[in-house]
Amino acid sequence: MRARVIVRLKPAVLDPQGEAIERALQGLGFSGVKNVRVGKLIELDVEGDAGLVKAELAAMADKLLANPVIEDYQVEVAR
Amino acid sequence: MRARVIVRLKPAVLDPQGEAIERALQGLGFSGVKNVRVGKLIELDVEGDAGLVKAELAAMADKLLANPVIEDYQVEVAR
Amino acid sequence: MTTAVVTFPGSNCDRDCVHAVGDALGAPVARSWHKDHELPTGTTSVILPGGFSYGDYLRCGAMAALSPIMAAVKRFADAGGPVLGICNGFQILCEARLLPGALLRNHDGLFHCQDVELEVTAGGIGLLAPFDRRQRIVLPIAHGEGNYTADEATLDRLEAEGRVAFRYLARDAAGNGAVNGARRGIAGLLGGPCNNVVGLMPHPERRSGAHLHGSDGLLLLRGLVAAGANLGEARA
Amino acid sequence: MKTAVARLKDTDLTAVEHAREMGLDDAEFARAQQVLGRVPNKVELGCFAAMWSEHCSYKSSRTHLRRLPTTGPRVLVGPGENAGVVDVGEGWAVAFKVESHNHPSYIEPYQGAATGVGGILRDVFTMGARPIAAMNLLRFGRPEHPKTPALLSGVVKGIGGYGNCFGVPTVYSSTDFDARYDGNILVNAFALGVLRSDAIWKGTASGVGNPVMYVGAKTGRDGIHGATMASDSFSEGEEQDRPTVQVGDPFKEKLLMEACMALFAAAPESGGLLVGIQDMGAAGLTSSSFEMASRAGSGVRIDLDRVPTRERGMSAYELMLSESQERMLLVAKRGCEEAVRAIFATWDLDCVVIGAVTDDGMVRLVKGGAEVGVLPARALADDAPRYQRPTAAAPAEGEPRAPLGRVGPTVRAHVTSPSLAPKSWIYRQYDREVGAGTLLDGTRAPAALVRIPGTHRAVAMALCCVGRWCSADPREGARRAVIEGVLRTSCVGALPIGATDCLNYGNPRVPEVMGSFVEGVEGIREACLALDVPVVSGNVSLYNATDDRAIHPTPAVGVVGLVEDFRPALPRDAQTGDTVALLGWPAQGTSLDLGRVRRLAELVRELRVAGAHVDAQPVLEGGLSAALVELARRAGTGLFANLPAGTDVTDALLSEDGVGAVVVVPPDRLQLVHERAQRAEVPLEVLGALGGHQVAVAQQGTQGGAPLFEWDTEALFAELEAVVPRIAQGARP
Ligand SMILES: Nc1ncnc2c1ncn2[C@@H]1O[C@H](COP(=O)(O)OP(=O)(O)O)[C@@H](O)[C@H]1O
Ligand SMILES: [Mg+2]
């Protein structure tokens, strides 16, 4: 089963990359662009049924994929 | 309006970061994990109606957010 | 006759290049700013230096490739002007499509600062005139994203056209650069209408003097300046 | 834990419980009320708590730091400013300092280490100096500790991530692993910059009516209370509650540095645009504004509504205490605002007038048109509380050396231990050559050597401390940190001209910890006096303890030396056929003789400057065996050494209590080395030579001269190189 873990910087945490992209997009003429934030999308194949898989993905995120001090995560399983 | 651009490495391009994460997850005991790929999630506020916005996002991706030599992208607008 | 060194926000080898060309080589050198729309008057060659333009955010070189000065650099290169992109400069050249392919993160995910042995595969051609064909040299690398990639057809074409400028001598089992995973060991490329554009990951300016552990790098800078002088003469 | 405080409105008066939550004890709260003549409100209390935190006020350590020798003919700026400055001749000077970022790096290794580098770079370039070199000293828990791989990997990536992008070469590093750092790692970052000796900038807010300007990144809710966090011990399980750590933006800092350099150089004909400048480090806007005003004996009025923010609705409290990175506070000359703004605009940076210098000695904080805080600058800064905390002798701790079996295997295990194994895996992640001025880095020599741009002068540097020695004897351990730095820099031909120290200790309220701290300062004092090295800057990091288990006392010492002309000191690399000789004296008790150290340092320096040795390694941590292996590894060859007859072999190879250095001498210079050593009355023992494919050690008259051990270099070097990557394995990709 294909699943995803999305890892984002917490809202209050500075995102220098997002800021730089925002400036660049504005410089290209996309003047309405605001609040650009860059996150990570980790896609992977996992085995097992959807319910179990979600718990396992959360465990992966807790242990390795995200650092709770600065990041939040969200897990999604393809239906 | 909050929108997202998802940027992924093309399937034919090796993803060393994904491979490293895969090994690390397997090392942690998540043995069923396979085909890990890491992409970028760029979230941003844009102005205008949904149809127009999608075209604008695609333009941003073409110009800056994705490199067609190695990456594919996908745009999504929150309903 | 002047070598223009371009500074992007986040360039950090621009001063080193100015020093190497100006002091070590004793050639005229001028500085150029990313917001400029034209190269300095009298420019006969251009260096895009190493560093972290725009912090290497999004993709290395992506934002710098869109800056006003790059339009001028592109015109200059299209007209046969010699352009050298070093490290981040190489990444910028690829992002600006002045060279094909792209540079991905090193295969082990780590930044590597170390000396590497290189073959100057296209030695003798254009900017590489001071080198013999297949001459072996040692230069330092310092990058996190030097893993060169392009599709198979492009790689084949590059080899067929003799446009692989530099190759890492140390390769893994698949023939990729052992240090960063670069496809077919490609460390640098030739491009432009008359092989007048060179991009490479290693840093020639860091091997440009007696006390900098070697001067192999000075040869390349000399080749750049000489190519510019020839061009200047041809135009004059 | 912080909820009560968070709910308080800025203008609400506070209570003793709030003070306690912010880290002030009852007596300090009483003193704060006395200073104001009333109860402070929340913003004011936040300012007191930050300024009187251990981190900002040095309340436990300040009386002791006074003992350090801080003056000398070359010292242009001693402790008290953002960094110390030392004259290096030809009109040039270097500014340098070391700083700890231990706690944040434990919580978020990448960002903690990165922002540590960012902070120390700002301290250096605020003085007007362009950074040309960085070093670091890292201490991790034991290799087997489950957290060690991720901490090692994250910290190293963070240091490289920041320094490489900023564009400063990281030229030297010291890393060790020890169970005593399991719960409290150390990340000490050093930076050095070069400036003209007549163009030094200071953090002072003088000239009534001059504008106070804010430059750099916008303010967010980052690391609020970082200063107080660094002044508190960890408790297991509490890690989750820690406030957010800051995220660094090295790209922005690079722009900020370039803009500052342009500002410093602007309008020379009219004496410049600037009056004073200070970075916003720990306790952000609070510490910079109070310190700048206090130094000048002035006051400042700050309109908090003008502070550029990246989040909405930030309170006065948050604005004052945010530790967002890449920001500076500066005082410009009145009328120069536009010129200053134009410089920062070139680099796409915010630059805003947020207030003005006043003459009443008060820091006045204005928000929404009203004063939300009024505090005397001096009382919070220079006149912060100072404590003479009780001390007690720490029990000496040290593992007696395990009984030695056959020499070979024991020595092999010793030299391949994580402490002594090469740290190439770490070094490789640092750009060591950006700037094209790195003549020697820590992979090529016992100290780094970096050129002063445009001259033939160079500065040498090393950052040292062996915590194990400090647990065994806090004073001697600290002396040895200085000794190691002096010997290392002397080995590359430099005259030590200044030092900076980062004093990492446990909880100062524990008398034994305070006792070892005081002894450590005393040790640095003794060695610096004897070796003529003034301390010009430094940092103190206390509360490095978890549940009452403290780290080894770790007074890291960075020594900076000067080479007046590097050309003769770098004749060539070490190579096969070069002689290997030992200079110095064997162990005589555990306290090293500073007079001998001085003579040895002078000799190795003089020899190096004369081109008489091409590599050298002091015999200290790991003893002679470690020095020999290191030299062979650096040369990439084998080495043969014949120990003199009659000595105890294991002692000769492993003792860390002698005063010695191994030198690599080109054959045609050996005579010169003999003569100079004799003249200096330093014993010289020719041990052998570089060459071959083995590292082999024999002893005259033992086993008929047959080697005690001989190790194939290829296997040995491979084994050595594998040690650190193995520890890092399993870390977050
Ligand atoms: N151990 C020490 N030895 C010498 N000077 C020190 C020491 N600790 C702190 N200092 C000096 O005290 C001043 C305040 O230090 P610190 O609070 O670390 O500075 P910053 O505000 O830049 O973080 C600096 O001038 C510093 O050099
Ligand atoms: Mg400071």
**Request:** For helix D:713-728, report the angle its Cα long axis makes with the longest principal axis of the Cα atoms of chain D; keep it between 0 and 90° and round to the nearest 10°.
**Result:** 20
**Prompt:** By average Cβ neighbour count within 10 Å, what is the ranking of D:192-200, C:133-141 from highest down?
**Reply:** D:192-200, C:133-141
**Request:** Before anything else, pin down the relative contact order of chain D: Cα pairs under 8 Å, at least 6 apart, normalised by residue count, whole percent.
**Result:** 15
**Item:** Test item: C:205-215 mean partner chain Cβ contacts at 10 Å
**Value:** 4
**Prompt:** Using 7 Å Cα-to-Cβ label points, what is the C:Ala71/C:Gln135 separation (nm, one decimal)?
**Reply:** 3.9
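Can you give me the Kirkwood hydrodynamic radius for segment D:24-73, using every pair of distinct Cα atoms, in Å to one decimal? All intermediate terms of the calculation are to be shown ahead of the outcome.
Values: mean 1/r = 0.0800 Å⁻¹.
Computed over segment D:24-73, the radius equals 12.5 Å.
Given a cut-off of 29 Å, what percent of all Cα-Cα pairs of segment C:2-235 lie beyond it?
Details: 4586 of 27261 pairs.
It works out to 17 percent of all Cα pairs.
Please report D:Cys491, C:Cys113 as a ranked list, fewest other C-beta atoms within 10 angstrom at the top and most at the bottom.
Working: D:Cys491 28, C:Cys113 24.
The most exposed by this proxy come first: C:Cys113, D:Cys491.
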**Request:** Note down the nm distance, to one decimal, between modelled labels 7 Å out along Cα→Cβ at D:Val208 and at A:Asp72.
**Result:** 5.1
**Message:** Sorted from largest to smallest, which semi-axis lengths in Å does the alpha carbon gyration tensor of chain A give for its equivalent ellipsoid, taking the root of 5 times each eigenvalue?
**Reply:** 31, 15, 8
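Write out the trypsin sites (Lys or Arg not before Pro) in segment C:56-97 meeting two conditions: DSSP loop, and at most 14 other Cβ atoms within 10 Å of their Cβ. Don't jump to the answer; show the numbers that get you there.
Numbers: sites: C:Arg59, C:Lys74, C:Arg75, C:Arg97; in loops: C:Arg59, C:Arg97.
Hits after loop and neighbour filter: C:Arg97.
Would you mind computing Rg(Cα) / (2.2 N^0.38 Å) for segment D:511-601, counting N as its residues? All intermediate terms of the calculation are to be shown ahead of the outcome.
Numbers: Rg = 18.6 Å, N = 91, 2.2 N^0.38 = 12.2 Å.
Cα-based Rg divided by the globular estimate yields 1.52.
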**Asked** Hey, can you rank C:80-92, C:38-50, D:298-310, D:274-286 by average C-beta count inside 10 Å, highest first?
**Response** C:80-92, D:274-286, C:38-50, D:298-310
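What area, in nm² and to one decimal, does the C-alpha convex hull of segment D:533-576 cast on average over all directions? Mind dumping the intermediate values first?
Details: hull surface 26.7 nm².
The Cα convex hull of segment D:533-576, projected and averaged over all directions, gives 6.7 nm².
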**Request:** Under 12 Å Cα to Cα from C:Lys35, which aspartates and glutamates show up? Leave out anything in the same chain fewer than 8 places away.
**Result:** D:Asp348
**Helix axis angle, D:594-609 relative to chain D longest principal axis, alpha carbon, degrees** = 80
**Asked** How fast does segment D:613-733 diffuse by Stokes-Einstein, in µm²/s, taking the Kirkwood radius from C-alpha pairs at 20 °C and 1.002 mPa s?
**Response** 136
**Message:** Need the list of aspartates and glutamates near D:Lys423 for cross-linking: C-alpha distance under 14 angstrom, and skip anything on the same chain fewer than eight residues off.
**Reply:** D:Asp176, D:Asp441, D:Glu630, D:Glu719, D:Glu721
**Message:** Order these by the 10 Å Cβ neighbour count, fewest first: D:Thr11, C:Thr2.
**Reply:** D:Thr11, C:Thr2
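Note down the relative contact order for segment C:2-235 as a percent, whole number, built from C-alpha pairs under 8 angstrom at least six residues apart. The partial results should precede the final answer.
Working: 576 pairs, mean separation 48.3, N = 234.
Computed value for segment C:2-235: 21 percent relative contact order.
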**Request:** Set Lys and Arg Cβ to +1 and Asp and Glu Cβ to -1, take the dipole of the protein assembly as shown about its Cα centre, and tell me which of D:Ala293, D:Leu495, D:Pro534 lies farthest positive.
**Result:** D:Ala293
**Message:** Using 10 Å bins from zero, what percent of all Cα-Cα pairs in chain D falls into each bin?
**Reply:** 3, 15, 25, 26, 17, 9, 4, 1, 0, 0
**Item:** With Cα atoms, 0 to 90° folded angle of helix A:16-27 axis to chain A main axis
**Value:** 50
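Give me D:Met514, D:Met135 sorted ascending by neighbouring Cβ count inside 10 Å, so fewest comes first. Display every interim value, and only then the final one.
Working: D:Met514 25, D:Met135 30.
In order of increasing Cβ crowding within 10 Å: D:Met514, D:Met135.
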**Asked** Which entries in A:Lys34/D:Lys147; A:Lys40/B:Lys54; D:Lys97/D:Lys254; C:Lys74/D:Lys218; A:Lys40/D:Lys254; A:Lys10/A:Lys54 show an alpha-carbon gap greater than 29 Å?
**Response** A:Lys34/D:Lys147; C:Lys74/D:Lys218
**Request:** Pull out the extension gain between D:Asp593 and D:Ala722, defined as 0.36 nm times the separation in residues minus the alpha carbon to alpha carbon distance; nm, one decimal.
**Result:** 42.8 nm
**Prompt:** Residues in segment D:539-558 near a label at D:Arg509, defined as backbone nitrogen under 19 Å from the 7 Å Cα→Cβ point?
**Reply:** D:541-551
**Request:** Answer rounded, prolate or oblate for the protein assembly as shown, using the Cα gyration tensor with square roots of eigenvalues a ≥ b ≥ c: rounded when a/c is under 1.5, else prolate when a/b is larger than b/c, else oblate.
**Result:** rounded
**Fill in**
Descending packing, highest mean Cβ count within 10 Å first, for D:427-433, D:102-108 is D:427-433, D:102-108
**Message:** If you take each beta carbon of peptide A:42-52 and count the beta carbons of other chains within 10 angstrom, what is the mean?
**Reply:** 5
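Readers should treat all values here as calculations from the given coordinates under stated rules, not as data from a laboratory. Bear in mind the structure is a predicted one, so any value in this text is a computation, not a measurement. No Cβ is skipped: glycine too gets one built from the backbone with ideal geometry, and neighbour counts run over all protein chains shown.
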